[in-house]
Amino acid sequence: MSAKYKLIVDEIERDILDGKYNSIGKLPTEEELVATYGVSRTTVRKAIGILSSKGYIYQVQGSGIFIRESILKGYISLETLKGFTRDFPNREIESKVINIEVIQADEKLARKMKCDIGTNVYYVKRLRIIDGNTFSMEYSYYNKDIIPYLNEEIAKSSIYSYILDDLKLNIGFA
């Protein structure tokens, strides 16, 4: 039998992906979740912590538990992704950099990235190719306060490996 918090995580995750909370964009309060699942506040908090680390939700003190807009709009969860070069070790991975530049976050980008307007951000546009076949066009933004250096050489290779191995940072969601 699974631990109670794992069952709660699975159910809330399923509800989020099924669109149960789309209209309100947030989860019920901790108290409501305690009542709904008949568990302790500690169990609910553990489930919320896991959902947060998976990139599904984020908390705003005094305002509630919000569903990340990215989950509802087709972004990729990086919970299990290790980067193309690591996920497909026996495949030929190529990245063609179309554009890489430092821009300043406008209001919309700042809101999505949870940073201040005017924050310096790397904008990277690259074509991802697997085994000679176009896989995707990738548009990425990296906060320069967190990723202080990024160039075309890194972008042609694995940005994910650079962030994990060279910068020693963890990636939770994208």
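The values are calculated or read from the model by the stated rules, or taken from the named source; none is laboratory data. Keep in mind that what you see is a predicted model, and the values were worked out from it rather than measured. Cβ atoms come from the backbone with ideal geometry, glycine included; neighbour counts cover every protein chain shown.
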(request) Identify, from the list Ser158, Ser136, Ser140, the residue that is touching a residue at least 40 places away in the same chain (Cβ under 8 Å) and out of contact with any Pro (no Cβ under 7 Å at 6 or more places or on another chain). (result) Ser158
(request) Answer yes or no as to whether Ala35 is under 18 Å from the mean Cα position of the chain (by Cα), modelled with pLDDT of 90 or more, outside any strand (DSSP E or B) and over 29 Å from Tyr141 (Cβ atoms). (result) no
(request) Give the residues of segment 119-141 that are surrounded by 14 or more Cβ atoms within 10 Å (Cβ to Cβ) and either within 26 Å of Arg91 (Cα to Cα) or out of contact with any strand residue (DSSP E or B) (no Cβ under 8 Å at 6 or more places or on another chain) (or both), sorted by residue number. (result) Val124, Lys125, Arg126, Leu127, Arg128, Ile129, Ile130, Phe135, Glu138, Ser140, Tyr141
(request) Considering only residues that are in the same structural domain as Asp106 (by TED's automatic domain parsing) and of a type in the set (Gly, Ala, Ser), look in segment 116-174 and name the one that is farthest from Ile103 (Cα to Cα). (result) Gly132
(message) Please go through segment 48-73 and give me each residue that is modelled with pLDDT under 75, under 11 Å from the mean Cα position of the chain (by Cα) and surrounded by fewer than 15 Cβ atoms within 10 Å (Cβ to Cβ), ordered by number.
(response) Glu69
(request) Give the residue that is surrounded by the most Cβ atoms within 10 Å (Cβ to Cβ), with candidates limited to residues of segment 76-113 that are modelled with pLDDT of 85 or more and either touching a Gly at 6+ places or on another chain (Cβ under 7 Å) or assigned to a loop (DSSP other than H, G, I, E, B) (or both). (result) Ala105
(request) Looking at (1) touching a Ser or Thr at 6+ places or on another chain (Cβ under 6 Å); (2) in a loop (DSSP other than H, G, I, E, B); (3) not β-branched (Val, Ile, Thr), find the lone condition where Leu169 falls short. (result) (1)
(request) Within segment 1-21, track down each residue that is in contact with a strand residue (DSSP E or B) (Cβ under 8 Å, 6 or more places away or on another chain) and not in a helix (DSSP H, G or I). (result) Tyr21
(request) Name every residue in segment 114-145 that is in a loop (DSSP other than H, G, I, E, B) and more than 27 Å from Gln59 (Cβ to Cβ), in order of residue number. (result) Asp131, Gly132
